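What follows is one structure encoded as structure tokens, with my remarks underneath.
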Amino acid sequence: MIRDLSYIAKDTNKFLKSYIKKQSKTELIRSMKYGLLPGGKKIRSKILIDVGKIFNLNYRSLIRVGAAVECIHAYSLIHDDLPCMDNDSIRRGKLSTHKKFGESTAVLAGNSLLTLAFEILSDKSLLLKENTKVKLINLISECSGHTGIAGGQYLDLNYERKKIIKKKIIDMQIKKTGKLFAFCCIAPAIISNKNKKVIRLFEKIGYEIGLLFQITDDLIDYKGIARKAGKKTKKDEKKGKATLISLLGYKNTIKYTSKIKNNILNKINYYGKKSESLKKTVLFIFEREK
């Protein structure tokens, strides 16, 4: 595992625990914390920090933005695991939120984490210009709703047991996973007030990193061990999920991920030594146990 990933995870969790502690004590807090913490490896936050290094941004501010991203990600996982969605009973090595607290509580906990992300980004303690905060909230909203995560999940469910062409599978996976990774790549450029050309470049990089992550996840599901993955594996084939593996086969999908990885590295090479951390994270995503 890349060395500083654990430090970013630790700092992100520390901030989230502190932020939630300041919230009004409601009956949903327990289930929210359960679905959010400890919260996996924090790959998305790592990408955000890596791109932030390219633009020399403040680490603490990026941790707060990353915490908002982790709230969005946790909300999506809680909802994805529901019986009406992917019906998964294990997540991150423990019972899914709906298995622990019930379906209705899981829905409400997920909704609450979604809105908590907007609270974090609009909080006065996040020392960014107000118009920058508005841009970030607008972008993360687009990445989370029908044009992003929710829309991608709809397509994922709708494509089950159907023959879907490559372009549509990639579009679905970019919405489901790539959009939030794109936010993590674009947000530092927005904070740095970069021009549209730079923002578009990092949007493409984010889409490709997200696609690489999702396809690698599919490869882990196809060949991985549940104990190491922290969730049940071999689910996609049973459910007839539309994946590149089901379309291209395992070996050709491995080749395709290698092509995506090279495309990403070629794009970020322009930034030289400043992009070293980002390169290491991309390679870590690519080399995850398949």
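Only the coordinates and a few stated rules stand behind these numbers; no lab work does. Just so it is clear, the model here is predicted, and its values are computed rather than measured. When we count neighbours, we look across all protein chains shown, and the Cβ atoms used for this are built from the backbone with ideal geometry, even at glycine.
Straight-distance candidates among the lysines for linking to LYS280, with alpha-carbon spacing under 20 Å and chain neighbours fewer than 8 residues away dropped: LYS10, LYS41, LYS42, LYS46, LYS53, LYS204, LYS255, LYS259, LYS261, LYS267, LYS290.
Mind putting together the pair-distance distribution for region 139-201? All Cα pairs, 5 Å bins, whole percent per bin, short to long. Taking all Cα pairs of region 139-201, the binned fractions are 4, 18, 23, 19, 15, 10, 6, 3, 1 percent. Taking each residue as 0.36 nm, the span from ILE90 to LYS273 lengthens on full extension beyond its C-alpha to C-alpha distance by 61.9 nm.
When the Cα positions of SER141, LEU247, LEU113 are compared along the charge dipole of the chain, LEU247 comes out farthest toward the positive end, with charges on each C-beta of Lys, Arg, Asp and Glu. Note on HIS146/ARG30: beta-carbon distance plugged into 1/(1 + (r/R0)^6) with R0 of 25 Å gives a FRET efficiency of 0.25.
Take the Cα coordinates of the chain, assign each an equal point scatterer, and use the Debye formula without solvent to give log10 I(q)/I(0) at q = 0.08, 0.09, 0.16 Å⁻¹. The Debye formula, applied to the Cα set alone, gives -0.31, -0.40, -1.38. The simple spin-label model puts a point 7 Å past each Cα toward its Cβ; for ASN56 and VAL134 those points are separated by 2.8 nm.
Could you work out the relative contact order of region 5-287, using alpha carbon pairs under 8 angstrom and six or more residues apart, expressed as a whole percent? Answer for region 5-287 is 19 percent. In the chain, helical runs assigned H by DSSP with n ≥ 4 each contribute -39500 (n - 2.57); averaged across all residues and rounded to the nearest 500, the mean residue ellipticity at 222 nm is -22000 deg cm²/dmol. Applying 1/(1 + (r/R0)^6) with R0 = 51 Å to the Cβ-Cβ distance of LYS238 and LEU127 gives a FRET efficiency near 0.60.
Membrane-span-like helices in the chain, defined here as complete DSSP H runs extending at least 27 Å along the helix axis by their C-alpha atoms with mean Kyte-Doolittle hydropathy no lower than 0.0, are 59-80, 103-122, 196-223; this is a sequence and geometry rule, not a statement about a membrane.
Taking N as the residue count of region 168-257, its C-alpha radius of gyration divided by 2.2 N^0.38 Å amounts to 1.25. Arranged from fewest to most other beta-carbon atoms within 10 Å of their beta carbon, SER246, SER89 become SER89, SER246.
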